[in-house]
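The values are calculated or read from the model by the stated rules, or taken from the named source; none is laboratory data. Note that this is a predicted model, so its numbers are computed, not measured. Every residue, glycine among them, receives a Cβ derived from its backbone with ideal geometry; neighbour counts consider all protein chains shown. Keep in mind that these areas ignore ligands, DNA and RNA; they rest on the heavy atoms of the full protein, side chains included. Shrake-Rupley method; radii C 1.70, N 1.55, O 1.52, S 1.80 Å.
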Amino acid sequence: MAKTKSVYVCQNCGNDSPKWIGKCPSCGEWNTYVEEIISKESKQSIQLAGIQVTKEKPVLISQVETTEESRIDTHSGELNRVLGGGLVPGSLVLIGGEPGIGKSTLVLQVVLNIRNKKILYISGEESVKQIKLRAERLNPDVADCYVVSETSLEQIFVHISNINPDLVVVDSIQTVSTETIESSPGSVSQVRECAAALLKYCKSSGIPVLLIGHINKEGSIAGPKVLEHIVDTVLQFEGDQHYMYRILRAIKNRFGSTAELGIFEMQHNGLREVNNPSELLLSQNHEGLSGVAIASAVEGIRPFLIEVQSLVSSAAYGTPQRSSTGFDLRRLNMLLDVLEKRVGFKLAQKDVFLNIAGGIKVNDPAIDLAVISAILSSNVDIAIEKHVCMAGEVGLSGEIRPINRIEQRIREAEKLGFTKMIIPNFDLKGLNLGNINMEIIRVKKVEEAFRVLFKK
Ligand code: TYD
Ligand code: MG
């Protein structure tokens, strides 16, 4: 009989220990250790049914042939951009996201639009019939793909060697399990082992594999960090369940930038690409409303305009409430303290609510200026003029700090019909604003911006 051995594995970071421990010494989480049984054979490598793993020899870097590897066009402009220009042959890509956010929809829609490629879509979550029902909703052009409902890693490799696909999709890696490990599907050792086997297949065959992965409550990819280390690219699909907009972000990318962002809108017949992100804003009419400011944000290399909304009112109870959607709450608190301490607005006894319209999350610090403008606008109950937008980071002493890509931001704002833009004072040097028909106002401090906006 095979001797079995058990180890305790942290379900958060994948660290293991021969004994149970309460607090993980590696990631600091409590109560994350779970016993996992490993049979002796599991240490041997997993059989890749019929697929030869070639033995590589070291070569001189000058003699490595670089045939320009052509990337696979996914026929989705947004996905291509986030991947860094298409899918790299032999790469292992992980798409993570909360349940129900639309990962399966995104991937199925993409593979159904790729033509002249043999695609194998392996689902451990849905039956073939359910996949077909979904595909009918998505109404793809013509392309086809092989589907199979399978959770055994060994069987997956059998299907792969039978079909010989050009692209493999595994929905989701947490449902796949190998017989060599006795722990249940989704546990760290199963996820790690299965992903490692798929990685080996990717690298030796040159066939790209797309993995779908779940995200746990804390927002990291379940079963873990280990998985993020194994794969070449980690994409995160996020958005608010109550809004239709979805954002695809690269968190790690060995073949491209991680600054890129893809925007989609969930519709009844699948995801629609949002090629012009400023449309998130243009659908709204906020004329004459106080507490609304338009920020010019840049994600990746694309500028777009977003609406920041705020509500400031006297706190009904002792402790004022601060709440924020789409913007970091700690940063909001910091900005409020700057307003209080450096600029002299009495906000300590006020409730402050902040919301980035459309349910999107923006990391660009240049939206600070719009955040404080929205707060001040609500506080004094004066609306900010229509066709005014702004960009600027706010520093701890209330100064407006320079930001990047200012020219692009100005051009985007002009394109969308804005007539006035407030920017940091430092930015105009070496800038070519020859044919801009917009009033550009440069400010050094929060007070100046306040005067520009609210004192006629
Ligand atoms: P799904 O792709 O199943 O999510 P995940 O794989 O990330 O768990 O998407 C589920 C949601 O998407 C579901 O709540 C319904 C919605 N949806 C649409 O709005 N339109 C569509 O055409 C499809 C297929 C799904
Ligand atoms: Mg799914």
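Structural remarks
- Residue in the stretch 126-134 that is closer than 19 Å to Leu271 by Cβ and open to solvent by less than 10 Å² (accessible area, probe 1.4 Å) present: yes
- Filtered by the rule that a residue be within 31 Å of the chain's Cα centre (by Cα), assigned to a helix (DSSP H, G or I) and modelled with pLDDT of 90 or more, the stretch 340-376 gives Pro365, Ala366, Ile367, Asp368, Leu369, Ala370, Val371, Ile372, Ser373, Ala374, Ile375, Leu376.
Results for (1) of a type outside the set (D, E, K, R); (2) surrounded by 13 or more Cβ atoms within 10 Å (Cβ to Cβ); (3) closer than 20 Å to Ile230 by Cα; (4) at pLDDT 85 or above, shown as yes or no for each residue.
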residue	(1), (2), (3), (4)
Gln11	yes, yes, yes, no
Glu29	no, yes, no, no
Glu35	no, no, no, no
Lys40	no, no, no, no
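- Some residue of the stretch 351-358 being over 20 Å from Ile247 (Cα atoms) and touching a Pro at 6+ places or on another chain (Cβ under 8 Å): yes
- Failed condition for Arg331, given (1) within 23 Å of Lys445 (Cβ to Cβ); (2) open to solvent by less than 20 Å² (accessible area, probe 1.4 Å); (3) within 21 Å of the chain's Cα centre (by Cα): (2)
- From the list Ser184, Ser104, Ser123, Ser189, the one residue that fits, being out of contact with any Pro (no Cβ under 7 Å at 6 or more places or on another chain) and surrounded by fewer than 17 Cβ atoms within 10 Å (Cβ to Cβ), is Ser184.
- Residue that is surrounded by the fewest Cβ atoms within 10 Å (Cβ to Cβ), among those in the stretch 236-253 that are within 16 Å of ligand 2 (Cβ to nearest atom) and under 12 Å from the mean Cα position of the chain (by Cα): Glu238
- Checked against (1) within 11 Å of ligand 1 (Cβ to nearest atom); (2) crowded, with 23+ Cβ neighbours inside 10 Å; (3) polar (S, T, N, Q), Thr233 passes all but a single condition, namely (1).
- The residues listed here are Leu311, Leu282; of these, the one that is more than 16 Å from ligand 2 (Cβ to nearest atom), among the hydrophobic types (A, V, I, L, M, F, W, C), surrounded by fewer than 22 Cβ atoms within 10 Å (Cβ to Cβ) and at pLDDT below 85 is Leu282.
- Among the residues of the stretch 254-272, those that are over 12 Å from the mean Cα position of the chain (by Cα) and more than 16 Å from ligand 2 (Cβ to nearest atom) comprise Arg254, Phe255, Gly256, Ser257, Glu265, Gln267, His268, Asn269, Arg272.
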